[in-house]
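Take a look at the structure set out below.
The values are calculated or read from the model by the stated rules, or taken from the named source; none is laboratory data. As the structure is a computational prediction, the values presented were derived from the model and not from experiment. When we count neighbours, we look across all protein chains shown, and the Cβ atoms used for this are built from the backbone with ideal geometry, even at glycine.
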């Protein structure tokens, strides 16, 4: 698909699949429901194939990162990859702090600290940056902690327009 600046990249038609990722996708959906009281997607979190496809094809961008010292994205759905101009392989190696411009990183850190304290935050908007340096605004963003049944945090996720 050609982009506005003429570069091209092949967008995968199917989401990546491995057991570890499916478990994390389940955590994205279940944590969102538990914290916000709303459904992130219509598919059941218990059907791995339907879960993968529903998240991948969501009309909203969905991203998630782990708990490393410098958290790295482990998931971006089709829309998120398109917005950031990256393949899944590139995105899943990106430290999440690099998704924001250097000037916007302080606001991003404050947001993530607030999410850590509160569990989730709704209504966030901010500037993000693509692989090739183009800027774009995310809006109506919900960011939440990825909490398992025991309350252990495995990272944070976001859904945005």
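Annotations for the structure displayed:
- In the range 117-147, the residues that are exposed (fewer than 14 other Cβ atoms within 10 Å of the Cβ) and in contact (Cβ under 8 Å) with a residue 40 or more places away in the chain: 122, 132, 136
- Of all residues in the range 99-128, those that are farther than 17 Å from residue 159 by Cβ and modelled with pLDDT of 95 or more total 0.
- Taking the criterion of being out of contact with any strand residue (DSSP E or B) (no Cβ under 7 Å at 6 or more places or on another chain) and surrounded by fewer than 20 Cβ atoms within 10 Å (Cβ to Cβ), the residues of the range 53-77 that qualify are 53, 57, 58, 59, 68, 69.
- Enumeration of residues in the range 83-100 that are closer than 16 Å to residue 139 by Cα and surrounded by fewer than 22 Cβ atoms within 10 Å (Cβ to Cβ): 83, 100
- Candidate set from the range 58-89 (those that are at pLDDT below 95 and in a helix (DSSP H, G or I)); member that is nearest to the chain's Cα centre (by Cα): 88
Residue by residue, here is whether (1) at pLDDT 95 or above; (2) outside any loop (DSSP other than H, G, I, E, B); (3) in contact with a strand residue (DSSP E or B) (Cβ under 7 Å, 6 or more places away or on another chain) holds:
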{"site": "28", "(1), (2), (3)": "yes, yes, yes"}
{"site": "31", "(1), (2), (3)": "yes, yes, yes"}
{"site": "40", "(1), (2), (3)": "yes, no, yes"}
{"site": "46", "(1), (2), (3)": "no, no, no"}
{"site": "50", "(1), (2), (3)": "no, yes, no"}
